[in-house]
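Input: a single structure, listed below in structure tokens.
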Amino acid sequence: MRRFRWMTLLMVATLLATSFSCSNHDLFDQQITQDISDSLSPVDSLDKYHNWLLSNTRSVSVEANANVNAQWLKILTADPRQQEDAEVASQVMIADGETTFMSFCYPKLVDTLYAALVDNEGLYTVTAFTPNDHKVDFSAPLYTKQLITYTPQPQTFVYCYEDEMPDFLKVDFDFNDIILNVSYERTGEREIRFHVELAAVGTDRQVGAAIRLKNFKYDEIESVTTEGGASFNINDKGEEVPNQILVVHKQKEPLLMSGNEDKEAVINLFCDGHWATGALRKGDENFGILERKRYNVNKGSGTDYQTMVPREVTYIVTFKEKTGLEYLNFDLIDPFIIKDYNGGIFEVHQYAYCNDWVLYEYRVADIKKLPWSLVIPYKKFRHTLEGVNIGFKRRDALGFGAYGLRGHSFGEWSMDRNAAQDWYLNQYATENQVY
């Protein structure tokens, strides 16, 4: 990525000088900033209507009319009897004869969904439906009260971040500075559990993280705890991240925070991504200040790189009321990272919320180019190695990068949101460029 950047530096310098000389008061020029961004973008023909979504959202009304002593209703991404990788897109407690509303997200590659009634013995009664169906019942199930050889797990979305935002002069577009694997499941009438796995830290700077629950207010939540009392702010030696090294997100507690503008609920994840890996501790010579390694973004270990076992923390969120929880889906789950830049604190959100601020107020250019984070609805996603771009394409040139296979490339999807929507699957990755 950085090999071609020097060719534009003269133009960038000229644009910046022009920008600064054209205003006596406000040195920020939106058009100049956009021009610089365009000159550095590795994709020069982006779909101007791109929403950077690889998943769809649907809502259905489901009637449990199979008379099978149902306890749970689950929406599945595949037939669990035919495939061993079916995931639970949504679930709710239910009884025979009841009708419930469910909202959920699923990969765009999925064209058939499945509803399952599960009884107290774990037997599945399953019916199929299409994403266009608004009502689902079990009048003609595929099978009734069958034993499934495995337990389908909650659907996982992978969140990939660039921490260079808003410094587009330094961005490398490997989208591995922080990798979070997030899943959720409704485990009670008023309880939802969020499973958060820190899979990689490809930055060498201190970065914090949190999850906003969009449209859910701070005052609507009774409590947030963690399974087993686990915390990303406590390393594997049982030591809490020291206050004196925190320069970005300094609030280690509480687990539940209130967003600034709309008082939306925010789950506080960690203050320091490196400490959250479990690798930094008080006894370390560098204390996490002078040298920060990159974790799980290079094959093997060395002076600057190290492998780690991904750490997972489960957050148990108890709401005051059960009403409204049926609307919760990945569209309303907004994990974001927190970083510093030029003396300010910035948040990096998924594209849908790229201009929002939740805990820290900031101002950035509304760049109409590549997003600063990607959301991948695929738990097996293999993120890029350090310094390897995600896979780009410039007009009619061949694609390049980790996901650059012609016909299945990130670059083609960037140019046309309806093309190459399968680019993130493992079979289209370049083996020596992904972790």
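The values are calculated or read from the model by the stated rules, or taken from the named source; none is laboratory data. Remember, predicted model here, so these are calculated numbers, not experimental data. Cβ coordinates were reconstructed from backbone atoms using ideal geometry, including for glycine residues, and neighbour counts include every protein chain displayed. What goes into the accessible areas is simple: the full protein's heavy atoms, side chains included, and nothing from ligands, DNA or RNA. Shrake-Rupley method; radii C 1.70, N 1.55, O 1.52, S 1.80 Å.
Numbers for the structure displayed
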quantity	calculated
Verdict on Asp174 being of a type in the set (D, E, K, R) and closer than 30 Å to Asn235 by Cα	yes
Considering residues of the stretch 190-205 that are modelled with pLDDT of 95 or more and open to solvent by 10 Å² or more (accessible area, probe 1.4 Å) only, the residue farthest from Gly278 (Cα to Cα)	Arg190
Unique residue being touching a residue at least 40 places away in the same chain (Cβ under 8 Å) and polar (S, T, N, Q) when the list is Asn235, Asn243	Asn235
Selection count where residues are open to solvent by 50 Å² or more (accessible area, probe 1.4 Å) and either among the hydrophobic types (A, V, I, L, M, F, W, C) or modelled with pLDDT of 95 or more (or both), scope the stretch 161-170	1
Residue within the stretch 111-130 that is under 20 Å from Asn56 (Cβ atoms), within 22 Å of the chain's Cα centre (by Cα) and either at pLDDT below 95 or of a type in the set (Val, Ile, Thr) (or both) present	no
Those residues of the stretch 85-123 which are of a type in the set (Asp, Glu) and touching a Leu at 6+ places or on another chain (Cβ under 9 Å), in sequence order	Glu87, Asp96, Glu98, Glu121
Residue in the stretch 225-233 that is modelled with pLDDT of 95 or more, assigned to a strand (DSSP E or B) and not charged (D, E, K, R) present	yes
Qualifying positions in the stretch 141-160 - within 30 Å of Ile337 (Cα to Cα), outside any loop (DSSP other than H, G, I, E, B) and open to solvent by less than 50 Å² (accessible area, probe 1.4 Å)	Pro154, Thr156, Phe157, Val158, Tyr159, Cys160
Within the stretch 87-107, considering residues that are within 20 Å of the chain's Cα centre (by Cα) and either polar (S, T, N, Q) or not in a strand (DSSP E or B) (or both), the one farthest from Gly188 (Cα to Cα)	Ser103
Selected residue (criterion: surrounded by the fewest Cβ atoms within 10 Å (Cβ to Cβ)) from residues of the stretch 54-85 that are among the polar types (S, T, N, Q) and not in a strand (DSSP E or B)	Gln82
Number of the exception - Ser183 against (1) outside any strand (DSSP E or B); (2) touching a His at 6+ places or on another chain (Cβ under 6 Å)	(1)
Close pairs from the stretch 133-155: first charged (D, E, K, R), partner surrounded by fewer than 15 Cβ atoms within 10 Å (Cβ to Cβ), Cβ under 6 Å, at least 6 apart	Lys135/Ser61
Test: residue in the stretch 171-180 that is out of contact with any Lys or Arg (no Cβ under 6 Å at 6 or more places or on another chain), closer than 26 Å to Glu87 by Cβ, open to solvent by less than 20 Å² (accessible area, probe 1.4 Å) and of a type in the set (S, T, N, Q)	yes
Val110 being under 18 Å from Asn329 (Cα atoms) and assigned to a loop (DSSP other than H, G, I, E, B)	yes
Candidate set from the stretch 425-435 (those that are closer than 18 Å to Gly387 by Cα and part of a loop (DSSP other than H, G, I, E, B)); member that is farthest from the chain's Cα centre (by Cα)	Thr430
